[in-house]
């Protein structure tokens with residue numbers, strides 16, 4: 001947060017010239033400075049006038065009318081909000097682009113795996129597979145639904161997949177018999193003891209669960225970061241903040257010194273007051289960043305998602 005305050009201070013003071021003529025008692029420099037910044041006032045005093053009408057800036061002799069001070073207050077608010085939005089734009093853009101790239105990568109990977117698996121099964125098993133392909137179609141549909149935020153219990157879903165696959169394969173391999181639903185249900189109950197697929201279900205469930213939990217957590221975390229950055233960039237400026245900004249940025253105009261720059265410490269103090277609510281987010285934001293780094297590390301520890309998908313393919317390349 002301190003870095004943000006420093007950057008905003010730097011941008012703020014760049015709009016002022018490098019020197020100020022503290023001896024000037026007329027308002028010609030103020031008039032020129034106002035024109036240079038795009039202000040179109042109905043009247044700018046030629047010489048200093050009494051400042052009893054001012055409500056924010058010092059009420060001594062001044063180059064500002066009430067209209068000018070009011071407009072300076074409005075401009076202070078706009079300057080502050082524009083600078084904050086500009087400073088947070090890079091962060092928001094980073095979250096948006098990273099979310100888009102990862103989401104596209106993962107969904108494309110999932111679709112390519114399903115397509116390759118389907119083509120391989122058609123070549124290997126032909127018509128028997130095509131008559132039962134919905135078992136695998138449902139598997140990938142549920143995996144996609146989980147990744148995109150659906151209410152899916154991965155462990156239960158994968159257990160159901162192996163149970164349905166066992167039922168289909170048992171029926172195909174024993175087509176000469178009439179297999180009842182009760183018999184199939186009985187077989188499913190003893191799947192763990194019979195282990196018809198060997199150790200494949202356990203290993204694959206562990207790999208797929210780790211990969212998909214990490215992937216969903218990561219992509220959802222990117223969405224949260226983008227949303228937080230978007231909301232924090234929209235600061236609701238308090239009246240006290242606006243008064244402090246006006247005093248710092250534009251009251252020198254009213255004092256006939258439009259080129260004077262606020263010192264760094266003064267600027268930082270004003271920014272700390274205006275960004276007090278955002279500063280309170282620092283601990284939570286740091287925890288969020290640490291959590292995202294941990295999830296990213298887990299994704300790397302998986303050697304990458306592609307290895308999990310390749311494992312899924314290899315487990316089904318030969319009948320068990």
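For the stretch 29-43, a residue qualifies if it is farther than 15 Å from residue 257 by Cβ and in a loop (DSSP other than H, G, I, E, B), and the qualifying residues are 38, 39, 40, 41, 42, 43. Considered as a group, the residues in the stretch 126-147 that are more than 16 Å from residue 113 (Cβ to Cβ) and either touching a strand residue (DSSP E or B) at 6+ places or on another chain (Cβ under 7 Å) or touching a residue at least 12 places away in the same chain (Cβ under 8 Å) (or both) include one that is surrounded by the most Cβ atoms within 10 Å (Cβ to Cβ), and that residue is 132.
Of the residues making up the stretch 176-188, those that are more than 21 Å from residue 200 (Cβ to Cβ) and either under 49 Å from the mean Cα position of the chain (by Cα) or part of a helix (DSSP H, G or I) (or both) are 181, 182, 183, 185, 186. Can you pull out every residue in the stretch 244-276 that is surrounded by fewer than 17 Cβ atoms within 10 Å (Cβ to Cβ) and assigned to a helix (DSSP H, G or I)? Selection gives 264, 265, 266, 268, 269, 272, 273, 276. Here residue 54 passes the criteria (1) under 41 Å from the mean Cα position of the chain (by Cα); (2) crowded, with 18+ Cβ neighbours inside 10 Å; (3) within 21 Å of residue 245 (Cα to Cα) except the one numbered (1).
Tell me whether the stretch 166-175 contains one or more residues that are surrounded by 13 or more Cβ atoms within 10 Å (Cβ to Cβ), part of a helix (DSSP H, G or I) and modelled with pLDDT of 85 or more. Within the stretch 166-175, not a single residue is surrounded by 13 or more Cβ atoms within 10 Å (Cβ to Cβ), part of a helix (DSSP H, G or I) and modelled with pLDDT of 85 or more.
Restricting to the stretch 193-205, and then to whatever is surrounded by 11 or more Cβ atoms within 10 Å (Cβ to Cβ) and assigned to a helix (DSSP H, G or I), can you tell me which residue is modelled with the lowest pLDDT?
It comes out as 194.
The values are calculated or read from the model by the stated rules, or taken from the named source; none is laboratory data. The structure displayed is predicted, hence computed values, not measured ones. In this analysis, Cβ positions are derived from the backbone assuming ideal geometry, glycine residues included, and neighbour counts consider all displayed protein chains.
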